[in-house]
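Remarks on the structure that follows.
A short reminder: the numbers here are calculations on the coordinates, not readings from a lab. Keep in mind that this is a model prediction, so the values were computed, not measured. Methodologically, a virtual Cβ is constructed for each residue, glycine included, from the backbone with ideal geometry; neighbour enumeration extends over all protein chains shown.
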Amino acid sequence: MSIVSKPSASKIEAPKRLDLRAAIGGGIFEYAPAPESVRPEIADQYGLFIGGEFIEPISGNHFASMNPATEDTLAMVADASSADVDRAVQAARDALPAWAGLSGKNRGKYMYRIARRMQERARELAVLETLDGGKPIKESRDVDVPLAAAHFFYHAGWADKLKYALPGRDPKPVGVCGQIIPWNFPLMMLSWKIAPALACGNTVVLKPAETTSLTALRFAQICQEIGLPKGVVNIVTGAGETGKAMVEHRGIDKIAFTGSTVVGKAIAKTVASTKKKLTLELGGKSANIIFEDASLDQAIEGIIEGIYFNQGHVCCAGSRLFVQESILDRVVDKLTDRMSTLRVGDPMDKNTDVGAINSKEQLDTIERFLATGENEGATKHDVCPSTLPEKGYWCKPCFYTGVQPSHTIAREEIFGPVLAVLSFRTPDEAISRANNSPYGLAAGVWTDKGSKIFDVAKKLDAGIVWLNTYNKFDPTSPFGGYKESGFGREGGRHGLLAYCQ
Amino acid sequence: MSERIPIIKTYKLAIGGKFPRTESGRTIEVHDSAQNLIAHVCRASRKDVRNAVEAASKVQGTWANATAYLRGQVLYRLAEMMEGKRLELAHAIGAGGEREVDAAIDRVIHFAGWTDKYPQVMGGTNPVAGPYHNFTIPFAMGTVGVIAPDEPALLGLVSLMVPIIAAGNACVVLASEKNPVPTMILSEAIATSDLPGGVVNLLSGYRDELVEHFSLHRELIGIHASGVSEAHRTLLRLGSADNLKRVTIHEDIDFFDDAQCEGPGWMDPFVEFKTIWHPSAV
């Protein structure tokens, strides 16, 4: 019996489908649980890190930081008011002259110490990141924490080389930087913000997202451990109001924000009447384009990596998949097969591919998009067989076909494991449809034709273009968007521009 | 013999490689220091701004896709045409005019030479920790609005405009309000310089009327300004909140000082750095 039908002359037809899971005996070869066993020490309650010390918020108010996979409270975290922000800015201001005046080499040495200490405490940081944020341990262990440490290591080396970085210029620090980061890569985003700022001689007040403060607070302990001068790094925890107090604060010279486009625009409006410098890394609706001459199996891995990595909580997620029409059926079949092997569940299990959604709020948002997708007429493919845990916030990875460019799920950022599949006929059509978005953060292109791939890469309005790969990051590689995905770059030599004047 | 009656010229706008009058039909009188009427200029309207942005956006891709070598030659040609109008420009500027024109021409020469060097100096390969070829290239960002300072009318404008077009962008310029005539003479040099029509569009008019329309026009992706009031600065920065415009406003700058006004730092705000990854393993 053959399971392969004969291809017709006009079109390459998909082979008859085989249920891969059934073929390998259904669930009998499931992996045994492989839970991470390290349990880091977590205090019952955390203060604010201001002037090198942990201090209580003036209001005395704290809020709970929760494990989204179990809904258990991990710790109580201080809620910083504008008066607390004021204290943090003052501490950063006081620390500025000495830090900016330190030789570049010595600034660098403090940063090398931070990088080393992060490497030494990597396991603990990874577990903490997974407990607090819900991402699979294999991702926090292999991606988030190593990249965060690498970012400090890379920028430590810039501290005494700034005059070579910007030819013909004599770079000076901007001053006190207010930095507001999101919950999707808490420690990595912290390092993307703090490392270049410190290398260039600035001092910082950083606010982690309210659902993921714990690794930032552990980072604050590292600053203490390595003897970083007091006030150079200040961590204020809190929600939107704390961020607003930072944006409005007159003592802050620069705001760096990573988050949603709506909030980014509101920040731009607030600082318009001031001389504050601003860099924004905002949302995206990135296109992943598969040509018929791509290596399909690699492309399928790239699609999975592009949209289901970190539960799709990635600003550069390849959430719009453009498939050349002649291979659309085959891609949908292969994607279905591949997704039938994705494991959703306990983030602390080393075999888990897709972890918990970061918060109830985000889960509600994703579910609204899922409902809209079907209401607008797209077809949902719910092909992931995992059984979801009873407690916690979960969303099975899925994709939609029959998506029109006008559909909400093809235009708006969902920030979840949801893929919109669209098709195209010619390279020009792929480019124009990919560029037809107010966003311009990233893009992926899959083809084995060299000249085509570089031509398409050149024409895509995107700050990062992954060719025959997706979602790769490195401290030496500048990251940032075109159009409404923000301005400024983070990482590489170009990232230094944002922290010098 | 009676004294010759001079011709009082009305300078028109420069939009899309043509010289239209403002659609509003309004003009502004220009006087010399002795308060003699010497010319009229058009008082551009919101519609003129929109027409100019449309013309700029239409041609920007063509200009950006021209080879860097060609763009350099075209800008050098612009310097040649300005040199030919050196005395006319200097006369329109008034006292100190020749020094200003010379500095403006030299600034064009400086940035003409950057077109095929900037990507090497500010782009490059990134040594990522993995089997990937990774590189960063600057690309033009689109159409940029320029608000020129009142003084130096010509040098200020040229210093703000030339880095933008050297990077492959198109622009829409609002001329010095105090002395728009040198700008409008410059438009005649531009028209004969081989720059594709619409890469540079020059408008004369009132900042109080037009800055808002620059700030809120969604096809403009950047703003480059100098010598604007505090209120106008806020208005321009509000454009960031609208469509994430890249806004650069210079204050306290000496446009005669090469050290302050030359170099790749003037092009950085008007390019998008694109980083490209490709596996390099077999």
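Brief remarks on what is shown
- From least to most packed, judged by other beta carbons within 10 angstrom and beginning with the fewest, A:Ser65, A:Ser319 follow the order A:Ser65, A:Ser319.
- A:Lys452-A:Glu301 FRET efficiency (beta carbon distance; Förster radius 25 Å; 0.05 resolution): 0.75
- Rounded, prolate or oblate (a/c below 1.5 giving rounded, otherwise prolate when a/b exceeds b/c) for region A:275-417 by Cα gyration tensor: rounded
- Cα gyration tensor shape of region A:74-207, rounded if a/c is under 1.5, else prolate or oblate by comparing a/b with b/c: oblate
- If both residues of a DSSP beta bridge must be in region A:284-475, then about 10% of such bridges are antiparallel.
- Sum of -39500 (n - 2.57) over DSSP H runs of 4+, divided by residues of chain A (222 nm, nearest 500): -11000 deg cm²/dmol
- Nonlocal amide H pairs with B:Lys274, under 5 Å, H built at 1.01 Å: B:Ile137, B:Phe139
- DSSP beta bridge pairing in the protein assembly as shown, given as percent antiparallel to the nearest 5: 35 percent
- Look at the stretch B:229-239: the mean tally of other chain Cβ atoms within 10 Å of its residues' Cβ atoms is 3.
- Helical segments meeting 18 Å axial Cα length and Kyte-Doolittle 0.5 threshold in chain B (DSSP H): B:153-166
- B:Lys9/A:Arg411 FRET efficiency (R0 41 Å; Cβ-Cβ; nearest 0.05): 0.20
- Protection-proxy order for peptides A:201-211, A:295-305, each taking the mean of Cβ atoms within 10 Å per residue, highest first: A:201-211, A:295-305
- With the simple spin-label model, which puts each label point 7 Å out from Cα in the Cβ direction, the B:Gln73 to B:Ala95 separation comes to 4.4 nm.
- Counting neighbouring beta carbons within 10 Å and listing from fewest to most, the residues B:Arg43, A:Arg39 come out as A:Arg39, B:Arg43.
- Each peptide in A:169-180, A:456-467 gets a packing score, the mean of other Cβ atoms within 10 Å over its residues, and the list from highest to lowest is A:456-467, A:169-180.
- Computed about its Cα centre, the charge dipole of chain B is approximately 1020 debye, with only Lys, Arg, Asp and Glu carrying charge at their Cβ.
- Estimated distance in nm for a label pair at B:Ala129 and B:Asp194, the labels positioned 7 Å out from Cα along Cα-to-Cβ: 4.9 nm
- Spin-label model distance (nm) - A:Thr372 vs B:Lys178, 7 Å beyond Cα toward Cβ: 5.1 nm
- Counting beta carbons within 10 Å around each of B:Leu210, B:Leu154, A:Leu166 and listing the fewest first gives the order A:Leu166, B:Leu210, B:Leu154.
- Calculated from backbone phi, Karplus (6.51, -1.76, 1.60) coupling profile of region A:148-157 in Hz, x at Gly/Pro: 5, 5, 4, 5, 5, 4, 4, 6, 4, x
- The residue among B:Leu216, B:Trp277, B:Gly156 whose Cα reaches farthest toward the positive pole of the charge dipole of region B:45-279, with charges on the beta-carbon of Lys, Arg, Asp and Glu, is B:Trp277.
- Cut-off 9 Å between beta-carbons: net charge of the residues surrounding A:Pro186, Lys and Arg +1, Asp and Glu -1: -3
- Between A:Pro68, A:Ser103, A:Gly377, the Cα set farthest toward the positive side of the dipole of the protein assembly as shown (charges on each charged residue's Cβ, about the Cα centre) is that of A:Ser103.
- Note on A:480-490: average number of Cβ atoms from other chains within 10 Å of each residue's Cβ is 4.
- Kirkwood Rh and Cα Rg combined as Rg over Rh, evaluated for region A:381-492: 1.01
- For chain B, the antiparallel share of DSSP beta bridges with both residues in that region comes to about 45%.
- Under 5 Å, built H, 5+ apart or other chain: amide partners of B:Val247: B:Ile223
- Pairs spanning more than 32 Å between alpha-carbon atoms, out of A:Lys135/A:Lys163; A:Lys396/A:Lys449; A:Lys254/A:Lys285; A:Lys193/A:Lys459; A:Lys193/A:Lys285; A:Lys459/B:Lys117: A:Lys135/A:Lys163; A:Lys396/A:Lys449.
- Placing +1 on the Cβ of every Lys and Arg and -1 on the Cβ of every Asp and Glu, with nothing else charged, gives region A:284-475 a dipole about its Cα centre of roughly 240 debye.
- Other protein chain Cβ atoms within 10 Å, averaged over every residue that makes up B:117-128: 3
- Percent of C-alpha pairs per 10 Å bin, chain B, short to long: 7, 29, 35, 18, 6, 3, 1, 0, 0
- Taking max minus min of the alpha-carbon positions on each principal axis, chain A gives extents of 77, 51, 38 Å, largest first.
- Charge tally for A:Asn106 (other residues, Cβ to Cβ under 12 Å; Lys, Arg +1; Asp, Glu -1): +3.
- Over chain B: helical MRE at 222 nm, DSSP H runs n ≥ 4 each giving -39500 (n - 2.57), nearest 500: -13000 deg cm²/dmol
- For B:Thr10, residues with placed amide H under 5 Å, excluding near neighbours: B:His40
- Counted residue by residue at 0.36 nm each, then reduced by the alpha carbon distance between them, the extension gain from A:Asp329 to A:Glu124 reaches 69.4 nm.
- Charge context of A:Gly416, other residues only, Cβ under 11 angstrom, K/R +1, D/E -1: -1
- When peptides A:40-48, A:439-447 are sorted by average Cβ neighbour count within 10 Å, with the highest value leading, the order is A:439-447, A:40-48.
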